[in-house]
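Here, each number is a calculation from the coordinates, and none is a lab measurement. Note that this is a predicted model, so its numbers are computed, not measured. No Cβ is skipped: glycine too gets one built from the backbone with ideal geometry, and neighbour counts run over all protein chains shown.
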Amino acid sequence: MSDFNHYSVMLGEAVDGLKVGDGVYVDCTAGGGGHSLEIVKRIRNGRLIALDQDMTAIEAAKRRLADYADKTEFINGNFENIGELLDRASVDKISGAIIDLGVSSYQLDTPERGFSYKYDAPLDMRMDESASLTAYDVVNGYDESELRRILYNYGEEQFAPSIAAAIVKKRAVEPIRTTLELVDVIRSAMPQRAVVTGHHPAKRSFQAIRIEVNHELAVIEPAIRALVERLSPGGRIAVITFHSLEDRIVKQTFASLAQGCTCPKSFPVCVCGNKPKIRQVNKKPILPSAEELEVNPRSRSAKLRIAEKI
């Protein structure tokens, strides 16, 4: 097993964007503690809540933030339950929050976690290793139409119908147990031109299955809304996404929270009473610098959006 490693994408841009000062700050995806460390260094009076659903990440973050243990609280949990977790920590209002939606290098590069199409390992893909649903369950238990939906919606895989059919055909003979067995099935269902050009042929399918296993997209909007509800006026939220599906949800959620009156334009006066809750600090997403891309090519698809509570 390798040491927990997660390159903190757009570290300076994200933490600068939070304008850290006094109060309680929440790192919803602490990972190896990169963003957490930079945030806690800047807290004058207050504390940091470092949250992650992966217990290995929590232990790594504790080691990295050992010098700041007096003003850091570590919580093993999923940010989809942020309201409940903050209540449990006796936190009513926060001054800032960050969500990094990337999969850690540790998770991708540790074969036994079953995230990667590069290593042979049992089909797993759970970020929270105590969760019940695994990639094995999805691949061997979902019906063909559900597999097709997941591959198309979450992986934007154009060959979703043929891949889903190939999975169902293969598992009818024997279960698909490992990552490389699944790679072979996916490759066999794709035309040769798609196999030899562009990204790895299994990349989109593995992304789709990982998203389904961890319910990654479903938790984003409610978590953002819950965090904004907790933000004090002037407090900020920063969200880093890594593919268009995530970014679209963040963009639309921010736009909704920034919207004022929703009455039809024909109404002479506002009757809805809706007021904007945030202002978008950057209407267009912040992208990694050329220097960062050279150091960490995996950050190429990353986008950072920041909003401030009104």
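Pairs exceeding a 29 Å alpha-carbon distance, out of LYS118/LYS170; LYS62/LYS275; LYS251/LYS275; LYS19/LYS283; LYS118/LYS303; LYS265/LYS309: LYS62/LYS275. Shape annotation for the chain: C-alpha extents along the principal axes are 59, 59, 40 Å, from largest to smallest.
Provide the percentage of antiparallel DSSP beta bridges, counting only those with both residues in the chain; round to the nearest 5.
35
The length gained by stretching the chain between THR178 and VAL295 to full extension, at 0.36 nm per residue less their Cα-Cα distance, is 39.0 nm. Put simply, the Cα atoms of region 1-146 extend 52, 30, 24 Å along their principal axes, the longest span coming first.
Quick check on region 54-135: what are the equivalent-ellipsoid semi-axes from the Cα gyration tensor, as sqrt(5λ), descending, whole Å? The partial results should precede the final answer.
Numbers: eigenvalues 157, 50, 23 Å².
Semi-axes (√(5λ), whole Å): 28, 16, 11.
Across region 210-302, the convex hull enclosing all Cα atoms gives 141 Å³ per residue. Each other residue within a Cβ distance under 12 Å of ASP128 adds +1 if Lys or Arg and -1 if Asp or Glu, for a net charge of -4. Here's the picture: charge each Lys and Arg Cβ at +1 and each Asp and Glu Cβ at -1 in the chain, and of ALA302, VAL183, LEU101 the one pushed furthest to the positive end of that dipole is ALA302. Two numbers describe the Cα atoms of region 262-310: Rg and Dmax, which are 18.5, 56 Å.
Using only side-chain charges placed at the Cβ, +1 for Lys and Arg and -1 for Asp and Glu, the dipole size of the chain relative to its Cα centre rounds to 1240 debye.
Treating only the Cβ of Lys, Arg, Asp and Glu as charged (+1, +1, -1, -1), what charge dipole size does region 204-310 show about its Cα centre? Round to the nearest 20 debye. Spell out each step's value before the answer.
Numbers: 18 positive and 10 negative charges, 82 e Å.
Computed charge dipole of region 204-310: roughly 400 debye.
Within 11 Å, Cβ to Cβ, of GLY21, how many net charges do the neighbouring residues add up to if Lys/Arg are +1 and Asp/Glu are -1?
Numbers: positive: LYS19, ARG42, ARG44, ARG236; negative: ASP22.
Residues near GLY21 contribute +3 overall.
Amide H contacts under 5 Å for ARG47: GLY23, VAL24, TYR25, restricted to partners 5 or more places along the chain or on a different chain, H placed in the peptide plane at 1.01 Å from N.
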